[in-house]
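A.B. asks: One structure, pasted below without further comment.
The values are calculated or read from the model by the stated rules, or taken from the named source; none is laboratory data. Keep in mind it's a predicted model, so treat the numbers as computed, not measured. Here the Cβ positions follow ideal geometry from the backbone for every residue, glycine too, while neighbour counts run over all protein chains shown. Side chains included, ligands, DNA and RNA excluded: accessible areas come from the protein's heavy atoms. Shrake-Rupley method; radii C 1.70, N 1.55, O 1.52, S 1.80 Å.
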Amino acid sequence: MFSLLRTLLVTAGVQQGAAEAKRRLRRGLLQLALCFAGGLLALGGVIFLLIALHDALAFRLDPLTAKLICGAGLVIIGLIVFLIARQLSAPRRIYSERPAAAASIDIAAAVGQDIGAAMSRHAGMLTIGAFVAGLLIAAKRR
C-alpha cells in the first residue's frame, strides 16, 4: 500500500516538475528569440544610421575623408566595448574589513532569505517532497 502511494506521489511530483520545466524552457526560448529579433532590428537601424552619417559627411567633405571618419569612429567604439567586456570578465576581489564570522552570518542570512523565498513560491512542491522523503525514510527504517 505504502509503496503504491509512494510511487504515485513520486510520479506526480516528477510529472509536475517536468511540465514546469517545459513551460520555463518554452518561455526562455521565446525570450531568446525576441531578444535576437530585437538585436537584429537594432543592428539594421545602426547600419542605416551609419550610412546616413557617411552620406552626410561625404556631402560636406570628400568621400574618402567621410569613410576614414566613420571607420575611425567604429574602431574607437569597438575598442571601448572590448575594454568594457574585458573589465566585466575579470575576476573581482572583494576585500572585507569585517571578521570571517560576520561574513558567514551574512551568508547564512542570505541563504535563509533565498530558502524562504523558494518556500513561498513552491510551497506545494516542497510539501510533497517532504512527504515523499518521509515515506522513503520510514520505508528504509523498516
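A.B. asks: For an R0 of 41 angstrom, estimate the FRET efficiency from the Cβ-Cβ distance between A130 and R86 and round to the nearest 0.05.
C.D. replies: Calculated value: 0.30.
A.B. asks: Heavy-atom accessible area of D62 with all protein chains present, probe 1.4 Å, nearest 10 Å²?
C.D. replies: Using a 1.4 Å probe on the heavy atoms, I get roughly 80 Å².
A.B. asks: Give the accessible area for V46 in Å² (nearest 10); use a 1.4 Å probe, count only protein heavy atoms, and leave out ligands, DNA and RNA.
C.D. replies: 80 Å²
A.B. asks: Label points 7 Å out from Cα along the Cβ direction at I51 and A21: separation in nm?
C.D. replies: 4.6 nm
A.B. asks: What are the radius of gyration and Dmax of the range 18-87, computed over its Cα atoms and given in Å?
C.D. replies: 19.2, 63
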